[in-house]
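Step one of this worksheet: look at the structure below.
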Amino acid sequence: MQKTGLLLVNVGSPARPESGAVRRYLRQFLGDRRVLDLPTVLRWLLLEAIILPFRPRRSARAYREIWMQEGSPLIEYSRRFAEALQERLKEQERQDVVVALAMRYGRPSIAEALEKLRQAKATQLLVAPMYPQYAAATTASSLDEVFRILQSEWDIPTLHTLPPFFDAEQFIEPYARRLRLLHQELQQRGAPADLTLFSFHGLPERQIKRSDYAGQCRFDESCCSHSGAHNARCYRAQCFATARAMAQQAGIAADKYRVSFQSRLGRTPWIAPYTDELIVQLAREGCRSLAAVSPSFTADCLETLEELAMRGAASFRQHGGRDFHYLACPNDDPNWVSGFLALSLAASNVV
């Protein structure tokens, strides 16, 4: 029986919410040429002279705000998701598929996960970057590491990669279903949300331009109003496509939601509008109840739990808003588990 190894890859997390552990994580994360896409010497200087002396302590405090008893939320929710996938396969009597979880930075490492699949005698490998929208800093970096490690193998398994699933029904429907239920609940309470905010992880504009093979990027909303061959690899366009699809599925009118981007770093221009600034603007313009969701993530993490659900909520209320409702990522939601399993098995031609 031929076995397929399903390798789930997410970004990763520090091992502990302490300065030293965060520093080691950031050195690996920001040392990646695809994440901090600067010449080697400039990247080293920026890391060692500006970021690493100061940022680890602040980030460690933020991680402590969201740390779970089991450890990092991102790793714990990803672990639960991987276990739920394997259990679903077991229920379907699919002994031909083995699931392994890996983090691009930190542990469990990609090397450890690949070794697990080798020990399980997987002769076919589906690499599933758990990022709905394609970005060189996430998807391509994860694939880089998989390919680097496999270079040392004498017998390389048959390789498949899961394409970006930003508009796949199996991703959109479980997310939109939960968003629809949130709005129904708020409506039943007599306190409906005025707007829904789709907040995505940000990227520097220069990284978007490097994927702009058609030379059409304008970084405005009309530029990303539809998807096609001209922007097939555009992260920003894929984010807008995700928001449109989720809003439609959840029954949210076009004038009742906004799209923004969070987690910018440094002074270089990042894709806009910026989440932190838009939250303040909406509150000052009279929005009193805001529902927020972050569908560039499939598992909750520092960016969703601390940056958006905590700091974002505090900023909204500080500037005049009243109710801030954060909708958690799908994590190990059974509908998402089923949807992802169907999506991944189809991608690897294992049906």
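The values are calculated or read from the model by the stated rules, or taken from the named source; none is laboratory data. Note that this is a predicted model, so its numbers are computed, not measured. Positions of Cβ are generated from backbone atoms using ideal geometry, with glycine treated the same way; all protein chains shown enter the neighbour counts. Note: areas computed on protein heavy atoms with side chains; ligands, DNA, RNA excluded. Shrake-Rupley method; radii C 1.70, N 1.55, O 1.52, S 1.80 Å.
Observations, loosely collected:
- When we screen Leu290, Leu278, Leu308 for residues that are within 18 Å of Phe324 (Cα to Cα) and either among the aromatic types (Phe, Trp, Tyr) or in a strand (DSSP E or B) (or both), the only hit is Leu290.
- Annotation note: of Ala232, Ala191, Ala176, the sole residue that is among the small types (Gly, Ala, Ser) and either surrounded by 17 or more Cβ atoms within 10 Å (Cβ to Cβ) or in contact with a Leu (Cβ under 6 Å, 6 or more places away or on another chain) (or both) is Ala176.
- The C-beta contact set for the range 118-129 (first residue farther than 15 Å from Pro163 by Cβ, second residue surrounded by fewer than 24 Cβ atoms within 10 Å (Cβ to Cβ) and charged (D, E, K, R), distance under 7 angstrom, 6+ apart or interchain) comprises Ala120/Lys3; Lys121/Lys3; Ala122/Lys3; Thr123/Lys3.
- Candidate set: the range 238-265, residues that are assigned to a loop (DSSP other than H, G, I, E, B) and within 30 Å of Ile50 (Cα to Cα); chosen: the one most open to solvent (accessible area, probe 1.4 Å): Arg264
- Pair list, Cβ < 7 Å and 6+ apart or interchain, from the range 47-65 residues that are in a helix (DSSP H, G or I) to residues that are among the acidic types (Asp, Glu): Ala60/Glu18; Ala62/Glu306; Glu65/Glu306
- Odd one out for Thr268, checked against (1) modelled with pLDDT of 95 or more; (2) surrounded by fewer than 16 Cβ atoms within 10 Å (Cβ to Cβ): (1)
- Residue pairs meeting the criteria (Cβ under 7 Å; at least 6 apart or on separate chains; first part of a helix (DSSP H, G or I), in the range 154-182; second among the small types (Gly, Ala, Ser) and surrounded by fewer than 16 Cβ atoms within 10 Å (Cβ to Cβ)): Gln170/Ala342; Arg180/Gly251
- One residue stands out in the range 84-115 among those that are of a type in the set (D, E, K, R) and either touching a residue at least 60 places away in the same chain (Cβ under 8 Å) or part of a strand (DSSP E or B) (or both): the one that is most open to solvent (accessible area, probe 1.4 Å), namely Arg107.
- The range 275-311, residues that are free of Cβ contacts under 8 Å to residues at least 40 places away in the same chain, open to solvent by 10 Å² or more (accessible area, probe 1.4 Å) and either under 20 Å from Leu181 (Cβ atoms) or touching a Cys at 6+ places or on another chain (Cβ under 8 Å) (or both): Ala309
- Test: residue in the range 138-160 that is surrounded by 23 or more Cβ atoms within 10 Å (Cβ to Cβ), at pLDDT 95 or above, of a type in the set (A, V, I, L, M, F, W, C) and farther than 14 Å from Leu7 by Cα: no
- Top-ranked residue of the range 1-26 - restricted to ones that are among the small types (Gly, Ala, Ser) and assigned to a loop (DSSP other than H, G, I, E, B), ranked as nearest to Leu150 (Cα to Cα): Ser13
- When the range 27-46 is filtered for residues that are of a type outside the set (Asp, Glu) and either outside any helix (DSSP H, G or I) or in contact with a helix residue (DSSP H, G or I) (Cβ under 6 Å, 6 or more places away or on another chain) (or both), the ones remaining, listed by number, are Leu30, Gly31, Arg33, Arg34, Val35, Leu36, Leu38, Pro39.
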